1. Among residues belonging to the stretch 145-176 that are part of a strand (DSSP E or B) and in contact (Cβ under 8 Å) with a residue 60 or more places away in the chain, point out the one that is farthest from Ala197 (Cα to Cα).
2. Does the stretch 384-413 hold any residues that are closer than 21 Å to Leu471 by Cβ and more than 25 Å from the chain's Cα centre (by Cα), and which are they?
3. Is it the case that Val55 is among the hydrophobic types (A, V, I, L, M, F, W, C), in the same structural domain as Leu87 (by TED's automatic domain parsing), outside any loop (DSSP other than H, G, I, E, B) and farther than 19 Å from Glu119 by Cα?
4. Just to be sure I understand the filter: pairs with C-beta atoms under 6 Å, separated by 6 or more residues or on different chains, first member in the stretch 88-100 and under 29 Å from Gly174 (Cβ atoms), second member among the hydroxyl-bearing types (Ser, Thr, Tyr). Which pairs pass?
5. Among the residues of the stretch 171-185, are any more than 24 Å from Met373 (Cα to Cα), surrounded by fewer than 18 Cβ atoms within 10 Å (Cβ to Cβ), in contact with a strand residue (DSSP E or B) (Cβ under 7 Å, 6 or more places away or on another chain) and not acidic (Asp, Glu)?
6. Could you grab me the full set of residues in the stretch 437-492 that are among the basic types (Lys, Arg), over 24 Å from the mean Cα position of the chain (by Cα) and more than 16 Å from Phe416 (Cα to Cα)?
7. If you scan the stretch 443-489, which residues turn out to be among the aromatic types (Phe, Trp, Tyr) and either touching a residue at least 60 places away in the same chain (Cβ under 8 Å) or closer than 16 Å to Leu400 by Cβ (or both)?
8. For the subset of the stretch 456-492 comprising residues that are of a type outside the set (Val, Ile, Thr), within 30 Å of Asp388 (Cβ to Cβ) and part of a helix (DSSP H, G or I), which member is modelled with the lowest pLDDT?
Amino acid sequence: MKILLAYPEFPDTFWSFKHALKFIHRKAAYPPLGLITVASMLPKQWEKRLVDLNVDKLKAEDLEWADYCFISAMAVQRDSVRKAVALFKEAGVKIVAGGPLFTAEYEEFPDIDHFVLNEAEITLPPFLRDLARGQAKRIYQSEEYPDIRKTPRPSWGLLNLKRYAAMSIQFSRGCPFNCEFCNVTALFGHRPRTKTAAQILAELDDLYNLGWRDRVFFVDDNFIGNKKYLKERLLPALIEWRKGKKGMPFNTEASINLADDPELMTLMVEAGFDTVFVGIETPEEEGLAECNKRQNKNRDLVESVKAIQRAGLEVQGGFIVGFDSDKPSIFQRQVEFIQKSGIVTAMVGLLQAPPGTRLYERLKKEGRLLGPMSGNTDGTTNIVPRMDPRLLHLGYKKLLETLYAPKNFYSRLRTFLREYTPPRVQNPLTFNRVVAFFKANIRLGVIGKERFQYWPTLVWTLLRRPRLFSLAITLAIHGYHFRRVSASCRVD
């Protein structure tokens with residue numbers, strides 16, 4: 001059997017880092033971790049070929065070669081999925097689909113032959129058994145949650161590592177919280193399930209032995225869901241593993257209550273983590289109560305962010321506007337909070353309702369759904385807001401423009417650099433990074449509108465925080481990407 005594993009293209013989003021990747025000659029930020037893990041679950045004797053449409057083009061010879069195409073996607077990839085499916089059908093290749101997009105809305109894809117939904121550890125084996133007997137059904141679903149301690153290591157050999165800025169691994173699934181708008185618990189449950197420390201070390205060994213030294217992203221939706229195992233097993237194991245090794249800094253996602261645990265932050269930094277993405281959503285208590293973001297309530301959010309920064313972890317922040325309780329003042333409140341906190345990478349989106357969430361069900365009852373969510377930060381939403389829609393969209397666009405205007409961005413960058421403790425694990429100096437430095441000096445320091453802020457910030461960093469000079473340039477490049485994405489935000 002010849003299996004083509006296809007990963008659809010991402011549109012231009014905050015998370016794509018598309019404009020920043022050009023500085024380091026990489027094609028995509030992250031690889032398709034789900035697909036290369038599924039590849040390891042398929043029979044070993046099957047031939048497998050990966051086409052990530054973010055780094056390669058789908059060729060006629062790929063379609064002629066394949067017996068089946070396995071495709072996985074998220075909501076933001078929907079348009080690319082439809083184009084890819086049309087090509088597969090035209091070529092007569094049977095399609096097997098899985099992942100969050102199809103789990104939520106498989107009914108919208110009538111041309112797909114088989115759906116292996118939810119978590120593949122449960123639903124893939126019965127599909128493979130039925131396929132071997134020539135009796136494969138169209139839909140395989142399950143409400144069970146698998147033991148991911150039995151999940152095989154990803155098939156890294158299917159990737160061209162040089163095409164990616166970072167690698168991804170997964171330690172846990174599930175989150176103990178119950179935010180109204182989040183579909184993580186709908187997909188993976190409330191009880192965090194974890195791999196063993198031995199599994200994680202084996203995956204890291206695989207990457208290290210392949211020569212990988214750049215960033216590794218722990219893609220867990222809440223890395224600190226099981227603090228006890230982290231403190232007692234995984235982080236000490238990572239600290240020991242790192243001895244004698246170079247490079248491979250880690251980043252992940254975590255809830256804001258990380259700030260309440262100095263011991264955990266210290267262990268994470270010693271293990272090589274230097275960045276965490278935190279869902280802050282809104283500085284307004286009313287909005288936090290509305291979406292049941294209880295872990296963010298009744299605390300000084302700015303101080304929590306700074307505590308994490310001072311521990312040695314850069315905070316990337318997720319923010320939302322468009323809650324029912326939001327007033328027109330929310331846009332300025334968000335700007336003030338983000339500037340004061342020094343969150344350089346602030347990803348702000350309009351509230352959307354993913355299928356399977358409590359928000360989706362509530363708005364469905366209220367007749368306030370407009371269709372499927374885009375999953376993008378392009379100014380679209382599938383919700384009829386309480387605020388005047390025109391005011392909401394104009395306010396959102398102005399918010400992005402304000403946050404990523406060079407004056408505000410570089411002011412925020414300096415605020416962050418003042419607080420941040422330099423990381424212990426540095427990205428290795430590579431040819432691509434040297435090229436990125438010179439490109440940044442030309443693109444941002446000579447051609448760009450930010451040149452009047454870029455050079456003073458670099459000089460300030462050299463004089464005040466010289467160990468953070470490379471990081472300052474990296475974040476300046478990220479700021480360029482975010483300005484480009486913000487400029488493409490449309491107002492309906």
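1. Filtering the stretch 145-176 for residues that are part of a strand (DSSP E or B) and in contact (Cβ under 8 Å) with a residue 60 or more places away in the chain, the one farthest from Ala197 (Cα to Cα) comes out as Tyr164.
2. Hits for the stretch 384-413 are Lys407, Ser411.
3. Criteria not met by Val55.
4. Val96/Tyr68; Gly98/Ser72; Gly99/Ser72
5. no
6. Within the stretch 437-492, the first condition is being among the basic types (Lys, Arg), and the residues that meet it are 439, 443, 449, 451, 464-465, 467, 483-484, 490.
Subset that is over 24 Å from the mean Cα position of the chain (by Cα): 439, 443, 449, 451, 464-465, 467.
Matches in the stretch 437-492: Lys439, Arg443, Lys449, Arg451.
7. Passing the criteria: Tyr480, Phe482.
8. Per the criteria, the residue is Ala487.
The values are calculated or read from the model by the stated rules, or taken from the named source; none is laboratory data. Keep in mind that this is a model prediction, so the values were computed, not measured. A quick note on method: Cβ atoms are made from the backbone with ideal geometry, for glycine too, and the neighbour counts reach across all protein chains shown.
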